[in-house]
Amino acid sequence: MPQTIEIKTSAGIPASTGTLVIYVAEGAAPTGGAATIWAATGLDWARVTRAAGFKGKQGQMLDLLAPTGLDAARLLVLGAGKPDASASPSAWTDRGGSLAGKLMALKADQVAVLLEEAGATPDRIAELAAGLRLRHYRFDKYRAKKDEPGEAAVLAITLHVADPAATDAAIANRGATVSGTLLARDLINEPANVLGTLEFAAAAQQLTSLGVTVEELDEPAMQALGMNALLVVSQGSARPPRLVIMSWNGGKKGDAPLAFVGKGVVFDTGGISIKGAAGMEDMKGDMGGAAAVTGLMHALAARKAPVNAIGVIGLVENMPSSTAMRPGDIVKAMSGTTIEIINTDAEGRLVLSDALWYTQQRFKPRFMINLATLTGAIGVALGNDHAGLFSNNDELSANLLAAGLATGEKLWRMPMGPAYDKLIESRFADIKNSAGRPAGSITAAQFLLRFVNDVPWAHLDIAGTALGSPTTETNTSWTSGFGVALLDRLVRDNYEPAPAKAK
Ligand code: MN
Ligand code: ZN
């Protein structure tokens, strides 16, 4: 069995436990309860920290085994970094991730963490708890041997805090978003032989248990709507396409919903314009946008967010076969725009074009944000530290950029404009689906803009950030689940009525 993690809170200074954790700010000695604990060891703070080179920097650790004067088997003194009341929430998420990494490496099981410093508000401790769970995540269901030698079945962590009730509420609320991120990771990590279009749709159906309404459009339904751009991608695969519509109505009845649209190509071979073999296995993650939308809908429903939100995901598989689309084919999208297919590997924008048009036409949303592992070019431009942001709306862009900084899921706004739009003109149709290598991410965005009908819109190209994620304090998995925390934060900070102040 893989190890599970349990997080509880309690008031006061921890009594006996396996591993006791205290934090000390940079350049400072232990204070408050941490000072009491340190004093019990009888050790000289100045001598020990000098010998260990411990300065209290974030990530630094003093590891004392069987300390005299304490019941704990181990005392960990961790650096809290510079005391900075205005630290970004993500600094606390990272702190939790860092702690989980150390506890797992030490094979800890029963852990008590003293968190009583001035800046340790319930919201920040909730970020730390989020970081613990995000770092603890592993995708090992296909391994026979799931546990590390010496690993306990449960990593049980008690956070000793000033206000346990308020902290529990904050942890539960933030935890709903963590669960959404972990759902997105699971969907993306799952191989394409297991997670096809129908299996993904079934996973989305699970959200009904949280109060989400889930509808599915099958191939005939999409044919009737004229969604030929989405359907042409699917026609080479034996797996049927689905458009899944998830609705969460937590806001005022009649309020225009926030709309999130995801590219869900469960596997992208490139089609007839087939990709090279090297790295093609990563294309099981070409549904990363749809996974983020599904994870976000999970998060909003699980924390009962007071907003109306729609999640729309286009699920297809892009395969080469005798029924596959060909370069040179021309299809008419639901909007009436005709599209010449230049490159069958530029399939994501075809899926999104009909999904975006359908979403704005049916729901008249307040805004539309689509997420897609759309272009390799965005990874060339921005690497894996920022996702590309393309938008027709400055306010929405500013809100997204701020949410990126708060969550560490960072965005960088890219240019758009008529000169780029001109590049997608086709010799035979209204537009073409590929304009080649120059400005490849931007011309993809210009293509999408043709289908948003002046609705405030943003496109997040997450091809560089959703897959092959670097190891960070909060993620050691192949995918970080990029986008769930970002969009949940966007909604929390800008589109929800301010919560009633605590009494
Ligand atoms: Mn492709
Ligand atoms: Zn693709």
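The values are calculated or read from the model by the stated rules, or taken from the named source; none is laboratory data. Quick caveat: nothing in here was measured; it's all calculated off a predicted structure. Backbone-built Cβ (ideal geometry, glycine too); neighbour counts: all protein chains shown. Side chains included, ligands, DNA and RNA excluded: accessible areas come from the protein's heavy atoms. Shrake-Rupley method; radii C 1.70, N 1.55, O 1.52, S 1.80 Å.
Taking every residue in region 199-222 that is farther than 14 Å from Lys304 by Cα and pairing it with any residue that is small (Gly, Ala, Ser) and in a helix (DSSP H, G or I), at least 6 positions away or on another chain, the pairs with Cβ-Cβ distances below 6 Å are Val214/Ala204; Glu216/Ala201. When region 308-341 is filtered for residues that are touching a Pro at 6+ places or on another chain (Cβ under 8 Å) and either open to solvent by 20 Å² or more (accessible area, probe 1.4 Å) or away from ligand 1 (no atom under 16 Å from the Cβ) (or both), the ones remaining, listed by number, are Asn308, Ala309, Ile310. Please tell me if Ala291 is out of contact with any Asp or Glu (no Cβ under 7 Å at 6 or more places or on another chain), assigned by TED's automatic domain parsing to the domain that holds Ile431, buried (at least 24 other Cβ atoms within 10 Å of the Cβ) and in contact (Cβ under 8 Å) with a residue 12 or more places away in the chain. Criteria met by Ala291. The residues of region 58-94 that are crowded, with 16+ Cβ neighbours inside 10 Å, closer than 24 Å to Lys107 by Cα and free of Cβ contacts under 8 Å to residues at least 40 places away in the same chain, listed by number, are Gln60, Leu62, Leu64, Pro67, Trp92.
Could we say that Gly53 is buried (at least 16 other Cβ atoms within 10 Å of the Cβ), small (Gly, Ala, Ser) and at pLDDT 95 or above here? When the stated conditions are applied, Gly53 does not pass them.
Output yes when any residue across region 377-384 is in contact (Cβ under 8 Å) with a residue 24 or more places away in the chain, touching an Asp or Glu at 6+ places or on another chain (Cβ under 7 Å) and not charged (D, E, K, R), and no when none is. Yes, region 377-384 has at least one match. Only one of (1) open to solvent by 40 Å² or more (accessible area, probe 1.4 Å); (2) away from ligand 1 (no atom under 16 Å from the Cβ) fails for Pro365. Which number is that? Condition (1) is where Pro365 drops out.
Determine, yes or no, whether Val261 is assigned by TED's automatic domain parsing to the domain that holds Met246, within 10 Å of ligand 2 (Cβ to nearest atom) and in contact (Cβ under 8 Å) with a residue 60 or more places away in the chain. Criteria not met by Val261. Looking only at region 374-392, residues that are away from ligand 1 (no atom under 16 Å from the Cβ), more than 15 Å from Lys410 (Cβ to Cβ) and open to solvent by 40 Å² or more (accessible area, probe 1.4 Å) come to 1 in all.
Counting only residues that are more than 19 Å from Ser273 (Cα to Cα) and over 30 Å from the mean Cα position of the chain (by Cα), which one in region 335-359 is farthest from ligand 2 (Cβ to nearest atom)? Checked region 335-359; the qualifying residue farthest from ligand 2 (Cβ to nearest atom) is Gly336.
Applying the condition of being acidic (Asp, Glu) and assigned by TED's automatic domain parsing to the domain that holds Ala291 to region 164-192 and asking which residue is most open to solvent (accessible area, probe 1.4 Å) yields Asp186.
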